[in-house]
Amino acid sequence: RALLWCVLVSAWGAAWGQLRYSVPEEMPKGSFVGDVVKDLQLSAIRDSSVRMIERSRTQYFTLHGQTGHLLTAERIDREQLCENLQQCVLRCEVIAEGEMQVYRIEVEITDINDNAPTFEFMELQENISETTAPGSRFPLAEAHDPDLGTNSVQSYELSSDEHFYLAVQEGPGGDQRPELVLAKALDREEVVFHELVLRASDGGDPARTGTARIRVVVLDANDNAPVFSRSEYTVRVPENLPVGSVLVTVTATDADEGINGHVKYWLKKTTEKASKVFQLDTETGVITLMQKLDFEKDDLHELDVQARDGGGLFNTVKVLIAVIDVNDNAPELTISSMQSAISENAPSGTVVALLHVQDRDSGANGEVRCSLDGGFPFRLEKSFDDYYRIVTSGQLDREAVSEYNVTVRAQDGGSPALWSSAVLALRVLDVNDNAPVFAEERYSARVSENNAAGALVLTVRATDADWGQNARVRYRLWEGRVRGAPLSSYVSVQAETGALGVITLHKALDFEDIQAYTLLVEARDGGGLVAHCEVEVEVLDVNDNAPEI
């Protein structure tokens with residue numbers, strides 16, 4: 001038959017960086033949950049600067065890369081996810097990279113009627129003495145339906161029998177507790193067994209049902225019920241208690257003799273999960289741990305233990321097992337967003353990384369302190385909830401330190417404390433904040449006259465502490481005139497010769513014409529910063545003129 005599903009999705013305002021949606025369980029993978037980008041009034045989904053983070057081990061939702069819609073990443077079973085919770089809420093975060101902003105999203109998973117009531121045992125047995133007075137009541141096993149509200153167990157029915165009828169009591173939590181009521185005195189010599197059928201129905205549309213067969217065994221007289229040694233048993237155990245350990249021993253005695261005084265123990269009204277974690281010895285009353293405890297999942301377990309004698313009389317006692325937290329979870333440190341490089345002229349307080357920390361333990365074991373390695377120009381700032389920001393705390397200088405490896409440590413308050421760490425690698429980008437520097441403020445050279453054009457006069461050297469194009473140095477001569485002729489007609493400097501400025505002759509010099517030159521050389525880096533130096537050139541005389549009479 002065809003089923004028509006109507007998805008009711010509601011989104012509250014994104015005030016204070018939070019959205020809330022509601023979606024039924026069992027929706028197919030890829031089902032629409034909400035328009036996150038629209039509801040948060042974001043527009044950066046196109047350049048992939050908006051992304052979603054889930055802290056759970058299973059990813060239940062995904063953010064569509066084109067539309068910004070929040071979609072289911074898999075089919076969600078509310079009963080499996082939130083077994084004993086009335087409200088099932090999943091949480092995730094959306095990070096807007098460009099804004100360095102985190103938004104929290106809560107999605108409530110609503111119940112549908114996808115489970116039928118079931119009994120722990122399909123066949124039940126009630127042993128009732130033939131001397132039991134009419135009107136006596138016998139608690140029956142309750143049906144379990146993991147659905148909520150009207151989709152859970154709503155009513156019970158009992159097959160027709162003149163000796164019995166069904167009564168349903170309402171428990172403190174509103175649950176229905178079926179009881180078998182004796183309507184007519186039993187006669188074991190007349191009928192030894194009574195076969196009944198108990199049916200449980202939920203309130204879904206259509207309703208789902210489950211049945212259990214009840215065999216009533218009529219016994220001879222037994223006038224003493226078992227009596228427990230305590231009215232309630234309470235035990236506190238650490239969550240790292242080894243599997244196989246004895247938790248507690250319940251003891252009940254019966255004043256009767258023989259089979260009527262022989263007591264056996266049973267777990268009543270227990271969940272399937274509890275029956276896997278704990279084991280009760282029916283003969284000794286010893287409760288043993290069968291699976292590892294986890295405080296972070298369940299910190300308290302309640303068991304109802306029934307002591308029943310051979311004559312069918314019983315008594316019930318509550319056993320409370322409180323789980324004590326131990327420091328078995330190290331803090332989880334996640335780099336949610338970070339920059340890989342930062343300019344050296346970035347102002348103090350610039351955000352370089354966004355971190356998330358959490359510890360699944362409780363109390364002092366779950367209190368996390370974060371710290372940075374000292375000696376670096378960075379500090380930690382609390383953002384909100386469990387988020388921290390790493391920001392610059394002073395001026396950066398690439399020429400002093402060109403790269404930082406910053407270690408972030410998260411340590412809990414346990415004893416001994418557990419910790420985790422993460423390393424952020426951050427490059428410092430250069431800005432042109434250093435002018436070239438000549439090796440000498442003043443240079444001097446001696447050159448013989450009549451040297452050929454292209455002859456080397458001398459080399460000058462200027463260095464720049466910056467990086468890349470900002471450190472690339474070009475040389476040039478400041479123009480001057482000698483006896484009316486441009487200085488560049490005598491000498492020149494090559495603009496780019498690596499780290500050196502090479503000064504050469506354009507034409508031969510004549511000592512008889514001029515004996516010395518003063519040059520001004522400029523060094524300019526790729527960012528436009530300059531430096532100057534003076535070069536004194538002395539012309540040496542050679543014997544190139546005969547005497548004149």
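Tell me, what is the percent relative contact order of region 123-230, built from C-alpha pairs under 8 Å that lie six or more residues apart?
Computed value for region 123-230: 37 percent relative contact order.
Please give the length that would be gained between residue 141 and residue 29 if that part of the chain were fully extended, namely 0.36 nm times their separation in residues minus their C-alpha to C-alpha distance (nm, one decimal).
36.6 nm
Over region 243-344, what number does the Rg to Rh ratio reach, with both radii from the alpha-carbon atoms and Rh per Kirkwood?
Taking Rg over the Kirkwood Rh, I get 1.35.
Taking only protein heavy atoms and a 1.4 Å probe, what accessible area per residue, in Å², does region 18-110 have with all protein chains in place?
On a per-residue basis, region 18-110 sits at 50 Å².
I want the antiparallel fraction of DSSP beta bridges within the chain, as a percent rounded to 5.
In the chain, DSSP labels about 80 percent of beta bridges as antiparallel.
Can you give the Rg/Rh ratio of region 307-367, where Rg is from the C-alpha atoms and Rh is the Kirkwood radius?
Taking Rg over the Kirkwood Rh, I get 1.54.
Averaging sequence separations of C-alpha pairs under 8 Å and six or more residues apart, then dividing by the length of the chain, give the relative contact order as a whole percent.
8 percent
Normalized C-alpha radius of gyration of region 437-540, against 2.2 N^0.38 Å?
1.10
What's the local net charge at residue 29, with K and R +1, D and E -1, over the other residues with C-beta under 14 Å away?
That works out to -3.
Give the distance, in whole Å, between the Cα centre of region 271-286 and the Cα centre of region 119-161.
21 Å
On the principal axes of its Cα set, how long, how wide and how thick is region 18-110? Give whole Å, largest value first.
Principal-axis extents of region 18-110 (Cα, largest first): 40, 22, 22 Å.
Can you give the alpha-carbon Rg of region 123-219 over 2.2 N^0.38 Å, where N counts its residues?
This ratio for region 123-219 stands at 1.15.
Would you give the gap between the C-alpha center of region 67-95 and the C-alpha center of region 298-357, rounded to a whole Å?
18 Å
Just tell me the longest site-free run in the chain, where the sites are GluC sites (Glu not before Pro) in a DSSP loop having at most 12 other beta-carbon atoms within 10 Å.
284-439
Given the convex hull of the Cα atoms of region 379-501, what is a quarter of its surface area in nm²?
13.3 nm²
Would you mind counting up the charge near residue 211? Only other residues with Cβ under 11 Å from its Cβ, with Lys and Arg at +1 and Asp and Glu at -1.
Neighbour charge sum, excluding residue 211 itself: 0.
Taking the Cα atoms of the chain, report the difference between the largest and smallest coordinate on each principal axis, in whole Å and largest first.
Cα extents, longest axis first: 171, 53, 32 Å.
Quick one: which of 184/268; 38/297; 29/268; 184/276; 273/382; 184/318 span more than 29 angstrom between C-alpha atoms?
Listed pairs above 29 Å: 38/297; 29/268; 184/276; 273/382; 184/318.
If you take the Cα atoms of region 332-429, find Rg, then find the Kirkwood Rh from the mean of 1/r over all pairs, what is Rg/Rh?
Computed over Cα atoms, the ratio is 1.02.
The values are calculated or read from the model by the stated rules, or taken from the named source; none is laboratory data. A quick note: this is a predicted structure, and the numbers were derived from the prediction, not measured. Positions of Cβ are generated from backbone atoms using ideal geometry, with glycine treated the same way; all protein chains shown enter the neighbour counts. Heads up: the accessible areas ignore ligands, DNA and RNA and are worked out on the full protein's heavy atoms, side chains in. Shrake-Rupley method; radii C 1.70, N 1.55, O 1.52, S 1.80 Å.
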